[in-house]
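The structure appears right after this line, and notes come after that.
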Amino acid sequence: MSEPTSMDSLLDDGRRFPPPPAFVATAVAPADIYERAQSDRLAFWADQSRELLHWHTPFTETLDFSGAPVARWFGDGELNVAYNCLDRHVEEGRGDRVALHFEGEPGDQRSITYAELTTEVKKAANVLSQLGVKAGDRVIIYLPLIPEAVVAMLAVARLGAIHSVVFGGFSAESLRARIDDAQATMVITADGGHRKGSVFPLKTAVDQAIADGATTVKNVLVVRRGGNDVEWTEGRDIWWHEQMDSASHEHTAEAFESENPLFILYTSGTTGKPKGILHTSGGYLTQAAFTHKNVFDLHAESDVYWCTADVGWITGHSYVVYGPLANGATQVIYEGTPDTPHPGRWWEIIEKYGVTIFYTAPTAIRTFMKLGREIPQKFDLSSLRLLGSVGEPINPEAWMWYREVIGGGVAPIVDTWWQTETGAIMISALPGITATKPGSAQVPIPGISIDVVDDSGAHVGRGAGGLLVVTEPWPSMLRGIWGDPERFKETYWSTFENVYFAGDGAQLDADNDVWLLGRVDDVMNVSGHRLSTMEIESALVAHPMTAEAAVVGANDDTTGQAVVAFVILKSRYVGSESDQELEKQLRTWVGEQIGPIAKPRTVFIVQELPKTRSGKIMRRLLRDIAEGREVGDTTTLTDTSVIRTINTSVND
Ligand code: PRX
């Protein structure tokens, strides 16, 4: 385990921002919510679940942790997740409310009501079931952020099948690995999507993945979006719109057990192979809906909510699809990048739809800070009343800019800590209750128990740093790693007995508030996206030129961390082309192997790597070099001249 990225000192400078009185007056979360949760945690979650969801068969049992670390929440209850996100809103008279305001990158737009979305999902469920999809089957969704992505996820959920959404920026090879691991029988994709002013193809990657061995796929359903030409395999490939046009509008949602799997989402771990994080239905939906309502102070009848995440990530699952739709919220979804066709596109969208709640990542905020406040200031952002941050620590400077420039100096900011594994928000201020603090995620949400401990598992106390753990099971916790129960136990439950090890360093301040300090394992966080150093190293050594590779996450002003690779070439390639040319080839290669998000910012061609006597690469020293620091303690190195040699190559 490496040391947490240390903050020189706690960045708490005493600034506190109590909720504005007008906000408190209408706050969704009752003032006594923490006490209620504390007095009986399980009863609290049971109440939330009954209040927020419709159970076809009510549960009588809240938690069964006898099979630890696999929990069962609301185990004897039955529900349908899609019914909860759709039909009941229509049945209860909310059918005319807009569910999605979709904004395409080229400027096309569609507003879809709950009644319309329900019909689309019923049709899609009929299409999928006619193609043989049934409860328990795995369906891969590889789509741009368009309404069909939401429809596809809910249609799979409606049938009790399991979706695994793969972010559209992942390569054919990453897609193949995920299809294979999940043994998926169907892929739902599009011809292409719009990004940065052009069309990027998606179907070609699916064709490639199947050609490369993803043999379990029987059908590929293709949404027409990009308008680009696609290759067609008769009998396997099917146009989505053709099926939808003739599909029946009638579909009754069947009830499934609370623990019926809902989705698998692959995320990076410390080994080269991504982990398929498994989430189930009742507990997941309870916590997604609870946090969406209380952390974002959702007034569903009047708010316009916008979370900028893609559905390819957990944030898109819990805070674009399941949380908001379970709560009957009206939200914006936007297909493209923030700077297309102009750098004010996001702010223009906020003005256009009167967005009131906005949830994004610190990287985006830092990028906008660099571009200057003049850009957002051209737009009317006065509708915003609450801002959220997720994915990585937000530095106080970016927090203040967000508050002043985007939030007009009044909108509370909730900095939400959670993970793919936790399924929903775990640590965050509640905006009508907590006085916020720039840079700290602050307090566990009601009903969640966390701690910061030292290496022996002992509580560290105020002012001290250590490792973040979750000490009690929570409703939206992962139920396993798909197909790998041992890895599940080993990764999360073996560091300390009976507590969940998150992999993050954290520090408690004098008020007992939590400050996140970054990952303590070989996982990097680049622009709020999780990447594994090992996965990128594996991609690099798969290149014919590479003899050995080491990857580190170096601090970066905009992206939080950046991928920096050190590569030793096989001798016959040394000097074969300029280092610059070779470095470029290797960067491109990683992009092709994993996806553009994994491309190293820098590749250094070096002659040696610093290793301990037992042969372990000393990444700490490489990080020092990558961040341009004086190299730290080298006493455990086999050969200290290595650092000199590397420094010479790096500074050449
Ligand atoms: O290191 C933490 C960081 O993101 C990791 C989880 O990544 P992922 O599973 O991709 O989920 C991201 C979106 C929930 C965590 O282990 N992280 C997430 N939110 C925060 C954060 N670090 C600091 N502050 C946050 N608010």
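The values are calculated or read from the model by the stated rules, or taken from the named source; none is laboratory data. Just so we're clear, the structure is a prediction, and the values are computed from it rather than from any experiment. In this analysis, Cβ positions are derived from the backbone assuming ideal geometry, glycine residues included, and neighbour counts consider all displayed protein chains. The protein model used for the area step is the full one, side chains on, heavy atoms only, and it has no ligands, DNA or RNA in it. Shrake-Rupley method; radii C 1.70, N 1.55, O 1.52, S 1.80 Å.
Data overview
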item: Residue-level accessible surface for His101, protein heavy atoms, 1.4 Å, Å²; result: 30 Å²
item: Eligible aspartates and glutamates near Lys218 by straight Cα distance, threshold 14 Å, same-chain separation 8 or greater; result: Asp137, Asp180, Asp207, Glu234, Asp237
item: Per-selection Rg to Rh, the stretch 411-538 - Cα, Kirkwood hydrodynamic radius; result: 0.96
item: More than 26 angstrom apart: percent of Cα pairs within the stretch 352-489; result: 35 percent
item: Given Lys293/Lys352; Lys275/Lys489; Lys570/Lys611; Lys352/Lys378; Lys584/Lys611, the pairs whose alpha carbons are separated by over 21 Å; result: Lys293/Lys352; Lys584/Lys611
item: Mean projected area in nm² (Cα convex hull; one quarter of hull surface) for the stretch 510-652; result: 10.0 nm²
item: Gyration tensor verdict on the stretch 172-261 (Cα atoms; rounded if a/c is under 1.5, prolate if a/b is larger than b/c, oblate otherwise); result: oblate
item: Rg [Å, one decimal], Dmax [Å, integer] - the chain, C-alpha atoms; result: 24.3, 74
item: Viscosity 0.890 mPa s, temperature 25 °C, Stokes-Einstein D of the stretch 104-172 from Kirkwood C-alpha radius, µm²/s; result: 191 µm²/s
item: Debye, to nearest 20: dipole size of the chain, +1 on Lys, Arg Cβ, -1 on Asp, Glu Cβ; result: 580 debye
item: For Gly336, distant residues with modelled amide H under 5 Å away; result: Glu105
item: Net dipole in debye of the stretch 484-525 [+1 Lys, Arg Cβ; -1 Asp, Glu Cβ; about Cα centre; nearest 20]; result: 100 debye
item: Shape parameters for the stretch 337-409, alpha-carbon atoms, Rg then Dmax in Å; result: 11.2, 30
item: 5 Å binning of all Cα-Cα separations within the stretch 510-581, expressed as whole percents from 0 upward; result: 3, 14, 20, 18, 14, 13, 8, 4, 2, 2, 1, 1
item: Area of Met534 that stays accessible when all protein chains are in place (1.4 Å probe, Å², to 10); result: 70 Å²
item: Peptides ranked, highest mean first, by Cβ atoms within 10 Å: ranges 474-483, 14-23; result: 474-483, 14-23
item: Positive-end extreme of charge dipole, the stretch 501-652 - chosen from Ile617, Gly575, Pro600 (charges on Cβ); result: Gly575
item: Set of aspartates and glutamates near Lys370 by C-alpha distance (under 19 Å), chain-local residues within fewer than 8 positions excluded; result: Asp339, Glu348, Glu392, Glu397, Glu404, Asp556, Asp557
item: Over the stretch 62-190, volume per residue of the alpha carbon convex hull, in Å³; result: 142 Å³
item: Centre separation in Å (Cα based) which lies between the stretch 12-71 and the stretch 93-143; result: 29 Å
item: Sequence of Glu583, Glu231 from largest to smallest accessible area, 1.4 Å probe; result: Glu231, Glu583
